[in-house]
Amino acid sequence: MNIQESAERSVTAWPVLVLAAIFVSAPAVAQRLPEPAHGPSISMKALPREPADQYTGIDRCGSCHKPEWVEYSPEYIEFRKTPHARIRVDGKPAMDCETCHGPGKAHSDAAEAAQGDDAKIAAANKLIFTFRGTAKENAARCLVCHTSSKQQEMFDHSGHLARGVSCNQCHTTHLVSQVRDISKGKLTNPQANLYQLPQLPEEVRWLHNSLLKEAQPGLCYTCHGTVQAQFALPVHHRVPEGLMKCTDCHTAHGS
């Protein structure tokens, strides 16, 4: 073999050797890749607790908060489908009604003693947190756990909270109110008549879309009605067609 042939073989072998090195090292490189910087939406931590005897448990809540002819209330049924209900500590559910609404014994005792008296029932309802406080008070309940992402931590400084909009005005942990049948559609823009992505059943959409009460952009249009008209223009982002969401560009939780 002369020098020229040896050089040509060396040049030809280099790409093969480089590709072989990449394929061999790829699994090792993949194993060393870091985990994403952000964690899940919920950062479970020890919550401040009242004395144990002030809590009643989910069964006593359900004894009143359900129609007489069903075994479980709609709130209970829907809550059990959410990510909140799947959080476990030592193999046991870590969240129930009183995790968000606070200890319920005083409320339950007063409600049962009211015996149908409207004034006394109204007084009993003030003994438990019902998310009818100020926007800041409502958000503070959610932010006890939801502190994993920077956006959630910045919600205190968001334009929404500054304007009195809280978490529970967009999200709900139990979807029990009557919702519009989106499979039939309520199209408000001409573009959406021409093309629209298939719509999921409302409960499926809710469970897989951050527990939003309604799908975007309809939920956003509740307050941002003036923006809706812009999507009827000939040139627009593909929001009415379902190819984009408001939150693809906007940060609802602050930054």
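Bear in mind these aren't lab numbers, they're just calculated from the coordinates by the rules spelled out. Small disclaimer: the values here were computed from a predicted structure and weren't measured.
Miscellaneous remarks
- The stretch 66-175: C-alpha gyration tensor shape, a/c 1.5 cut-off, then a/b vs b/c: oblate
- Reachable aspartates and glutamates from residue 92, criterion Cα separation under 17 angstrom, eight or more residues apart if same chain: 59
- Normalised by 2.2 N^0.38 Å, where N is the number of residues, the alpha-carbon radius of gyration of the stretch 52-130 equals 1.16.
- Residue pairs, from the table 150/245; 66/213; 105/213, whose Cα atoms sit over 24 Å apart: 105/213
- Equivalent ellipsoid, the stretch 189-255 (semi-axes from 5 times Cα gyration tensor eigenvalues, Å): 20, 16, 10
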